[in-house]
Amino acid sequence: MYIVYNFKKKEFNGLQKFQCGVEKATLSEDGSRNLSTREFKQAFDKVTLNLHYYRFDEDYTNWDLWAWAPEGKNYEFTDDDFGKVTTAEFSNVDAETNVGFIVRKNDWSQKDWEADRFINKAYMNADGVVDAYIVSGQEKVYYTKEAALEAIEIAKNPRVTEANINSLREIQFAVNSKVGGDLVLKITSADGKEVSYESIELDESGLSGVVYLSQDLDLNKNYTLTIEGLEGKQLMPGKVYDSEEFAEAYTYNGELGAVYSKIGTTFTLWAPTASDVKVALYGTDGKNNGEAENNNEENEKNEDKKKWRRRKEWR
């Protein structure tokens, strides 16, 4: 992040409320500029988190904030001009303690983002106060309202916001513009081949659904889900790694790793979604020595268990 100090206005171009690492800035009569710096503050007697939350569907029923530093507590949202807001306060936050949070349904039935998120202390002012902005369905934490509003405008362009592979024959998707039962949906591989499906189960909200495929996906290929009138999205692994089909198709119990012989070293790894494999060589000093000169190279993929074997003969 770049921070520009405006010497005429004596401010950091609207960012002066953040910890900029600058304690004092002066402009001398001769035009010289002087900045005295300080370390970022990591420990606070009190931290005040004002968390602003925006949902595209404007349905905030039962949504609240769970935050911790380190003890956890729930905080209810109230209205503000961004969407909703709540304030969480913590005492005696030392340098090693992170302020974490989850935006969730108050019965834990749903999270806005699956992973835990944390506040960057660099954005707290000297008193430990920070405003954070969350846009539904986005992992990123914004620290200015302007940046969050820009992200909202970009996201409002009709598009597929999620396309997750939950099993080899099940795709879960979400959109930010309501669709109906007559939607025209396609799943296409990178080589242009269309994937056939048996049915679509659309949520009553019209903002999400599940596609049930006619055949297993090949996880070594890239696919894109498109809906007529919406920007498409590439399929990403979802719950597929936990599915029985995945375990049955890709479990491998053979030998893995680097096996040396007089004619070369064979590298075997389990990588069912990889389309290619490369070997990087490092010296004992930890430095990358680049690619070795090969007398012979074999690169073979076992389609049964999706393991890669590469044999290299080096001079």
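All of the numbers you see were taken from the coordinates with simple rules; none came from a lab. Predicted model only: the values in this text are computed from it and were never measured. FYI the Cβ positions are ideal-geometry reconstructions off the backbone, even for glycines, and counts take in every protein chain you see.
A few notes on this one:
- In loop segments of the stretch 68-108 as defined by DSSP, there are no trypsin sites (Lys or Arg not before Pro) with at most 12 further C-beta atoms inside 10 Å of their C-beta.
- Of the peptides 210-222, 249-261, the order by per-residue mean of other Cβ atoms within 10 Å, starting with the highest, comes out as 210-222, 249-261.
- In order along the stretch 237-252, phi translates into HN-Hα couplings of x, x, 8, 4, 5, 9, 7, 5, 4, 5, 4, 5, 7, 10, 5, 10 Hz, rounded to whole numbers, per the Karplus curve 6.51 cos²θ - 1.76 cosθ + 1.60 with θ = phi - 60° and x for Gly and Pro.
- When only the Cβ of Lys, Arg, Asp and Glu is charged (+1, +1, -1, -1), the dipole of the stretch 44-153 relative to its Cα centre reaches about 240 debye.
- Using θ = phi - 60° in the Karplus curve 6.51 cos²θ - 1.76 cosθ + 1.60, the 3J(HN,Hα) couplings for the stretch 183-192 round to 4, 9, 10, 9, 10, 10, 7, 4, 8, x Hz; x is entered for Gly and Pro.
- Taking 0.36 nm per residue of sequence separation and removing the Cα-Cα distance, the Asp127/Lys145 pair yields an extension gain of 4.5 nm.
- Additional length obtainable on full extension of the chain from Asn222 to Asn98, 0.36 nm per residue less Cα span: 40.9 nm
- Filter on Lys46/Lys121; Lys221/Lys278; Lys105/Lys145; Lys41/Lys140; Lys84/Lys156 - keep pairs with C-alpha separation over 20 Å: Lys105/Lys145; Lys41/Lys140
- Leu256-Glu201 pseudo-label distance in nm [points 7 Å out on the Cα-to-Cβ vector]: 3.2
- For Trp113, residues with placed amide H under 5 Å, excluding near neighbours: Val103
- Leu281 paired with Glu76, simple spin-label distance in nm, labels 7 Å along Cα-to-beta-carbon: 6.7
- About its Cα centre, the stretch 160-244 has a charge dipole of approximately 240 debye under the convention of +1 per Lys or Arg Cβ and -1 per Asp or Glu Cβ, with nothing else charged.
- A Förster radius of 30 Å, combined with the Cβ-Cβ distance separating Glu248 from Gln138, puts the computed FRET efficiency at roughly 0.30.
- For Thr86, neighbours were defined as the other residues whose beta-carbon sits under 10 Å from its Cβ, and their charges (Lys and Arg +1, Asp and Glu -1) total -2.
- Label positions at Asp59 and Gln110, each projected 7 Å from the Cα along the C-beta direction, are separated by 0.6 nm.
- Under Karplus coefficients 6.51, -1.76 and 1.60, residue-wise ³J(HN,Hα) of the stretch 59-74 in Hz, glycine/proline x: 9, 9, 4, 6, 7, 8, 10, 10, 9, 8, 5, x, 6, x, 7, 8
- Close amide H pairs (under 5 Å, H built 1.01 Å from N) link Val141 with no residue at least 5 positions away or on another chain.
- Ordered by the count of other Cβ atoms within 10 Å of each Cβ, fewest first, Phe173, Phe40 give Phe40, Phe173.
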